[in-house]
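Written out below as structure tokens is the structure these notes cover.
Read-outs: derived from the displayed coordinates by stated rules, not from any lab. Bear in mind that the values here come from a model prediction, so they are computed numbers and not experimental data. Glycine also receives a Cβ, built like all others from the backbone with ideal geometry; neighbour counts cover every protein chain displayed.
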Amino acid sequence: MLQLSRGLSEILPFLAPSLRDILGRLSPTVVDGLEEVRLRLSRPLSVRWRQNEFFLDMKGELSPLISGAYIVSREEIQKTVQLISQGSIYAFEEEFRQGFLTLPGGHRVGFTGRAVLEGGQLKTLRDISSLNFRIARAVPGASRPLLPYVLDLRNLRPYHTLIVSPPCAGKTTMLRDLVRFLSYGIPELHFPALTVGVVDERCELAACCDGVPQHDLGPRVDVLDHCPKDVGMLMLLRSMAPQVIATDEIGCAGDVTAIWEMVNTGVSIIATVHASSWEQLEERPHLKELIKSKVFQRYIFLSRRKGPGTIESVWNEHREPLVC
Amino acid sequence: MMWKMIGALFVISSLGMAGIKVASYFTRRTAELRLLQEALQVLDTEIVYAATPLPAVLKKIGQTGGGAIAQIFRKAGEYLTDSQGLTTAEAWKKALNETFPSTALNQDDYAILSAFGDLLGGSDRYEQHKNISLTTLHLQKEEEKARRDQEKNVRLWQYGGFLIGISIVLLLL
């Protein structure tokens, strides 16, 4: 269902030149379905293609076997870290502490290495040993099938909606597309454009680079970048008078408290959460109360069954299925 | 007689100009060491307070002056963004090596700047501040030495060239 946009060509300049050569030899078919590029120190160079991980040899050929695979050197890792950070580790201290940063185009690089602690808290990561380039996908129209269930056409506002899915099943892409629809307005449904506030703590939803969203979220979106969700939602509410607030991956106590404060302010909340089923969702300690109190009026469950972004079911606040 | 006069003037002016050139080297080195410290001050502010990425800071410093010192920063900034895949240390070293011959800096200054480039950009703000402070301290010491050399040598070379020229002319006559 999801398609690749721009993709590999945008991440190549951030890879060590020797790795660019190898990835530059990938066939167009592979480039089209490429999801991730993984660099692991002294281990084979690999890519995730059509939901499976393959190793790459010098010629850019994919293989499930380790033999013949290209081994990533320390110098290549160091060069790549330099390139993604523009040679300025100090300018990305927060990103190194969080373990990821966003590249132009909205692509995200996750990394692991040696953790440096200060007073028991993670201060930063050093000696980076693994990098994962996740190729961002904007899929205009991905959330179109959800619109009839998410939009309250009588009150001309979206319902409080929770998008539920396991990792890598397209919940952020779906949320991003919903935000885009709301921000542009939906003339065919006679639904007006709304002002949307986005709290993008993980810098994935809007993927701002130098303050500019790298994904098209429409003209009526205000993004609070890198801001903790609980603080950000209330800040947006006070400062930008949004009609909708969207945020990704809620779950901690602070997020839930902020949502409680917002539900009766007239602002619609659209959020995502990690879970695969109702059972898992209800096991999340802080979310349990929200579900019980029927705060969210729509629950959308996604999976990767037919590819990322597969809509499994849509439920209302009474746990009655609208789509199954 | 006419030719002798022309020859004498030529010898005196050539040696005089050579002396002035050597003298200007001492003045230029002091000025360049000062400019380097000022550039590092800007770099420190941009890194510590604004956390601005290096390509932008280096280019900004590079645009503030047209001399060889500004050129080192400008070129390093350009090499970081030209898709060659150079690390900061490599970009700095390349810019330094290309520009060094057109400066009045000596090998001690080169060693200080080279060591500075090895650590540039590769750590957090606190470590970067330490690297910049240490480099500034070394440059300050070099500037003090350069100033002493300047005081000792500028007059000597400025007049020395002409005096040697005159002496040679007198001997030949």
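To make sure I understand the rule: partners must be aspartates and glutamates, Cα under 17 Å from the Cα of B:K152, and not fewer than 8 residues away in the same chain. Which ones qualify?
Counting by Cα, and skipping residues close in sequence, B:K152 has these aspartates and glutamates nearby: B:E142, B:E143, B:E144.
Which entries of A:K229/A:K292; A:K123/B:K130; B:K94/B:K145; A:K171/A:K306; B:K60/B:K145 show an alpha-carbon separation above 20 angstrom in the structure shown?
Working: A:K229/A:K292 22 Å; A:K123/B:K130 18 Å; B:K94/B:K145 27 Å; A:K171/A:K306 14 Å; B:K60/B:K145 29 Å.
Check vs 20 Å cut-off fails for A:K229/A:K292; B:K94/B:K145; B:K60/B:K145.
Using a Gaussian network model on chain B with a 10 Å cutoff between Cα atoms, which of B:S123, B:S133, B:S24 fluctuates the most?
Ranking B:S123, B:S133, B:S24 by mean-square fluctuation puts B:S123 first.
So which residue, out of A:H160, A:H274, A:H190, gets the largest mean-square fluctuation from a GNM of chain A using Cα contacts under 10 Å as springs?
Between A:H160, A:H274, A:H190, it is A:H190 that shows the largest mean-square fluctuation.
Below 14 angstrom from the Cβ of A:S276, what's the summed charge of the other residues (Lys, Arg +1; Asp, Glu -1)? Mind showing how you got there, number by number?
Numbers: positive: A:K171, A:R284, A:R304, A:R305; negative: A:E279, A:E282, A:E283, A:E312.
Counting the neighbours of A:S276, the net charge comes to 0.
So for chain B, averaging the separation of alpha carbon pairs under 8 Å that are six or more residues apart and normalising by length, what relative contact order in percent results?
Working: 199 pairs, mean separation 69.9, N = 173.
After rounding, I find 40 percent.
State the antiparallel share, in %, of DSSP beta bridges confined to the protein assembly as shown, rounding to the nearest 5.
Values: 42 of 65 bridges.
Around 65 percent of the beta bridges assigned by DSSP in the protein assembly as shown are antiparallel ones.
Where is the GNM fluctuation largest for chain B (alpha-carbon springs, 10 angstrom cutoff): B:D44, B:D82, B:D109?
Among B:D44, B:D82, B:D109, the largest mean-square fluctuation in the Gaussian network model of chain B belongs to B:D82.
Just want the ordering: A:C203, A:C168, A:C227, from fewest to most Cβ atoms lying within 10 Å of their own Cβ.
Values: A:C203 23, A:C168 14, A:C227 17.
Placing the least packed residue first, the sequence is A:C168, A:C227, A:C203.
Using Cβ counts within 10 Å as a stand-in for footprinting exposure, how do A:H226, B:H138, A:H107 rank, fewest first?
Numbers: A:H226 16, B:H138 19, A:H107 25.
In order of increasing Cβ crowding within 10 Å: A:H226, B:H138, A:H107.
What is the distance in Å between the Cα centres of region B:136-163 and region A:230-288?
The distance from the Cα centre of region B:136-163 to that of region A:230-288 comes to 68 Å.
So which trypsin sites (Lys or Arg not before Pro) in region A:78-174 are both in a DSSP loop and have at most 14 other Cβ atoms within 10 Å of their Cβ? Walk me through the intermediate numbers first.
Working: sites: A:K79, A:R97, A:R108, A:R114, A:K123, A:R126, A:R134, A:R137, A:R154, A:K171; in loops: A:R137, A:R154.
For trypsin sites (Lys or Arg not before Pro) across region A:78-174 that sit outside H, G, I, E and B with at most 14 neighbouring Cβ atoms in 10 Å, the list reads A:R154.
Could you work out the local net charge near A:V231, counting Lys and Arg as +1, Asp and Glu as -1, over the other residues with Cβ closer than 14 Å to its Cβ? Mind dumping the intermediate values first?
Details: positive: A:K229, A:R238; negative: A:D200, A:E201, A:D225, A:D230, A:D255, A:E261.
Counting the neighbours of A:V231, the net charge comes to -4.
Enumerate the whole-percent occupancy of each 5 Å bin, from 0 to the last occupied one, for all C-alpha pair distances of region A:229-323.
Percent of Cα pairs in each bin: 3, 12, 23, 25, 18, 12, 6, 1, 0.
For region A:180-284, give me the percentage of DSSP beta bridges that are antiparallel, rounded to the nearest 5 percent. All intermediate terms of the calculation are to be shown ahead of the outcome.
Values: 3 of 16 bridges.
Approximately 20 percent, going by the DSSP bridge assignments.
Fewest to most neighbouring Cβ within 10 Å: what's the order for B:M1, A:M240?
Values: B:M1 5, A:M240 14.
The most exposed by this proxy come first: B:M1, A:M240.
What relative contact order, as a whole-number percentage, does region A:146-302 give when Cα pairs under 8 Å and 6 or more residues apart are counted? List each step's numbers first, then the result.
Numbers: 293 pairs, mean separation 49.5, N = 157.
It comes to 32 percent, rounded to a whole number.
Can you return the aspartates and glutamates within cross-link range of A:K288? Criterion is Cα-Cα under 16 Å, with same-chain partners fewer than 8 residues away left out.
Straight-distance partners of A:K288: A:E249, A:D255, A:E279, A:E317.
Ignoring solvent entirely, what values of log10 I(q)/I(0) come out of the Debye formula for the protein assembly as shown at 0.08, 0.09, 0.10 Å⁻¹ when each Cα is a single scatterer?
-0.64, -0.75, -0.87
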